[in-house]
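One structure is given below, encoded as structure tokens.
A short reminder: the numbers here are calculations on the coordinates, not readings from a lab. Keep in mind it's a predicted model, so treat the numbers as computed, not measured. For neighbour counting, all protein chains shown are included, and Cβ atoms are generated from backbone atoms with ideal geometry for every residue, glycine included.
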Amino acid sequence: MGRIEAICISPAKGTVKETVGQAELRAEHGIVGDAHAGNWHRQVSLLPSESIAKVRALMPDLADGAFAENLVTSGVDLAGVKVGDKLTIGDEVLLEVTQIGKECHNGCAIRRITGDCIMPREGIFCRVLTGGRIQPGSPAALVAAH
């Protein structure tokens, strides 16, 4: 079973997200207090810590949230998920994968420095089916695969 390594939110779109010690996820909304929450298909974004670690080898000061990801996971095979798959977090939260990858914004500093960005290939976007509270260390698992 995997786990949540970091939770990141921001009050405005287009800004680096900051880590928080816990979060409330609301069904059909996303993370309370995050600018990307709302009634759409990309309510919550996830990136694997294993992928972020590869970028940190080139950018050691890279902070969680730099890719505008909401949840940093470890031990969850996000590379193998498909649209429609579901993930659980903690005892309550249920997410449904709605999109895989998203093109970087223009002027992506990470792409400029490293020549690449992982978000277009490895970013996972979900909608919240069942809400609840989570924190770093909460268990995370893929529960339904095609």
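Here Asp34, Asp64, Asp77 are placed in order of increasing Cβ neighbour count within 10 Å, fewest first, which gives Asp77, Asp64, Asp34.
If the segment from Asp61 to Trp40 were pulled out straight at 0.36 nm per residue, it would be longer than the present Cα-Cα gap by 4.3 nm.
Scattering from the stretch 2-144 was approximated by placing one identical point on each alpha carbon and applying the Debye formula without solvent; log10 I(q)/I(0) at 0.09, 0.14, 0.16, 0.19 1/Å stands at -0.23, -0.57, -0.76, -1.10.
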